[in-house]
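First up is the structure itself, then whatever we jot down about it.
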Amino acid sequence: MLETDCLEAGVQIFLNQRVKETSRTTEFVVRTEADEFRAPVLVVATGGLSIPKIGATSFGYEIARQLE
């Protein structure tokens with residue numbers, strides 16, 4: 001359902017991209033090993049540390065720290 005809504009809204013989904021760096025000036029910039037993505041908004045949905053059984057890590061917090 002979420003994937004269908006995203007596709008209908010024109011959202012591009014990239015799989016197997018390892019984020020190397022994030023930054024923000026007038027827009028968000030996310031650099032991966034292979035690409036650089038720019039956008040006016042950034043949504044970070046990585047799960048939470050409160051659920052370690054699903055493999056959650058501190059990755060989302062690390063991205064937030066880079067954008068402070």
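Brief remarks on what is shown
- Checked against the criterion of being among the small types (Gly, Ala, Ser), closer than 16 Å to ILE13 by Cα and modelled with pLDDT under 90, the candidates ALA45, ALA56 yield just one match: ALA45.
Residue-wise test of (1) surrounded by 10 or more Cβ atoms within 10 Å (Cβ to Cβ); (2) in contact with a helix residue (DSSP H, G or I) (Cβ under 8 Å, 6 or more places away or on another chain).
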{"site": "LEU15", "(1), (2)": "no, no"}
{"site": "VAL19", "(1), (2)": "yes, yes"}
{"site": "THR32", "(1), (2)": "yes, no"}
{"site": "ASP35", "(1), (2)": "no, no"}
{"site": "VAL44", "(1), (2)": "yes, yes"}
{"site": "PRO52", "(1), (2)": "yes, no"}
{"site": "THR57", "(1), (2)": "yes, no"}
{"site": "GLU68", "(1), (2)": "no, no"}
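- The range 11-68 holds no strands (runs of 3 or more DSSP E) entirely within its bounds that carry 3 or more residues that are among the small types (Gly, Ala, Ser) and within 11 Å of the chain's Cα centre (by Cα).
The values are calculated or read from the model by the stated rules, or taken from the named source; none is laboratory data. The structure presented is a predicted model; accordingly, all values stated were derived computationally and were not measured. Please note: Cβ atoms are built from the backbone with ideal geometry, for glycine as well, and neighbour counts cover all protein chains shown.
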